[in-house]
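The values are calculated or read from the model by the stated rules, or taken from the named source; none is laboratory data. None of the values given here were measured: they were computed from a predicted structure. Using ideal geometry, Cβ is built from the backbone for each residue, glycine included, and neighbour counts are taken over all protein chains shown.
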């Protein structure tokens, strides 16, 4: 292995040796006994992954760490275990399908969120995550050099993964959007290793056997026998919540709220509480967590909602009863913190369709 000596970092008294491949970092600290080797750690997951640090003090949480240029800061013990790894060590198996930089083994949460956002409308049309993923990859591959695709060829491609006819008008806007995506996101969408995992497919969509051009079939998903068993009887829960009834049937979570009820003003006095889980609560019979609040302003602002759906969150209003339907099998990649996987969200507080009440909802599951 060939080595080259980089300029020493004078402030921290460090010298770095950098090999061409693999990259190995060795820090030597001068002490009374001479030089001692210190292990360096790398933040592999986050909105800006790649920072390299020395673990200075891990005697208690939060840990004290130091960057290569001598800047010190604190990281909780839990975050350090989740987001950091020894430099040049493999990516944890749980995060391998979400890697956005295969060379460095890094997971950029912001990029992965854009990948999942691009796939979402196609998953709705094909009703299967892996079908949508394969279709998007093939479409981008066919159009990546600026070449157009004829309607007949596009219809054939859509029928290849849907098994039936799909109206092109339903996807025209989304297909045009794929062509304008950032080059890095398009590259991830065509990368066979991105989201190509039995674990991911098993969580997000049902198994799908991808047809090849020769007509043979290749299994690209977890076997049906290894899927999680479906819940046959509904599981109900009210728990210690205000005006929130939850029912789980299989992977469908149905939430019912009576909008005619209220629990008086909030602490600020600016809003009236309609319903609340009062913190993040467990979804009955599932590993998921949910946080939900419904309220209205004490002074009517004269606004009404105009959307019935948000990220995997379908709203139905019948008289004063609000029904929310969420498919728990859908997932949208890691949150910005990297601690959870997003399942459903109103993405902030939103007006309820045709009403002046507002709703804020998030459903997620923690990573193991």
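At-a-glance table
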read-out: Flag if residue 291 is within 29 Å of residue 128 (Cα to Cα), surrounded by 20 or more Cβ atoms within 10 Å (Cβ to Cβ) and touching a residue at least 60 places away in the same chain (Cβ under 8 Å); value: no
read-out: Qualifying positions in the stretch 338-365 - closer than 19 Å to residue 271 by Cα and outside any loop (DSSP other than H, G, I, E, B); value: 350, 351, 353, 358, 359, 360, 361
read-out: Which numbered condition residue 297 fails, given (1) in contact with a strand residue (DSSP E or B) (Cβ under 6 Å, 6 or more places away or on another chain); (2) surrounded by 15 or more Cβ atoms within 10 Å (Cβ to Cβ); value: (2)
read-out: Tally, over the stretch 22-54, of residues that are under 23 Å from residue 103 (Cβ atoms) and modelled with pLDDT under 75; value: 6
read-out: Residue check for residue 305: touching a strand residue (DSSP E or B) at 6+ places or on another chain (Cβ under 6 Å) and under 28 Å from residue 115 (Cβ atoms); value: no
read-out: Yes/no for residue 314 being over 30 Å from residue 48 (Cα atoms) and in contact with a strand residue (DSSP E or B) (Cβ under 7 Å, 6 or more places away or on another chain); value: yes
read-out: Output for the stretch 72-106, where each listed residue is out of contact with any strand residue (DSSP E or B) (no Cβ under 9 Å at 6 or more places or on another chain) and exposed (fewer than 15 other Cβ atoms within 10 Å of the Cβ); value: 78, 81, 90, 93, 94, 102, 103
read-out: Helices (runs of 4 or more DSSP H) wholly inside the stretch 40-155 containing at least 2 residues that are over 24 Å from the mean Cα position of the chain (by Cα); value: 129-143
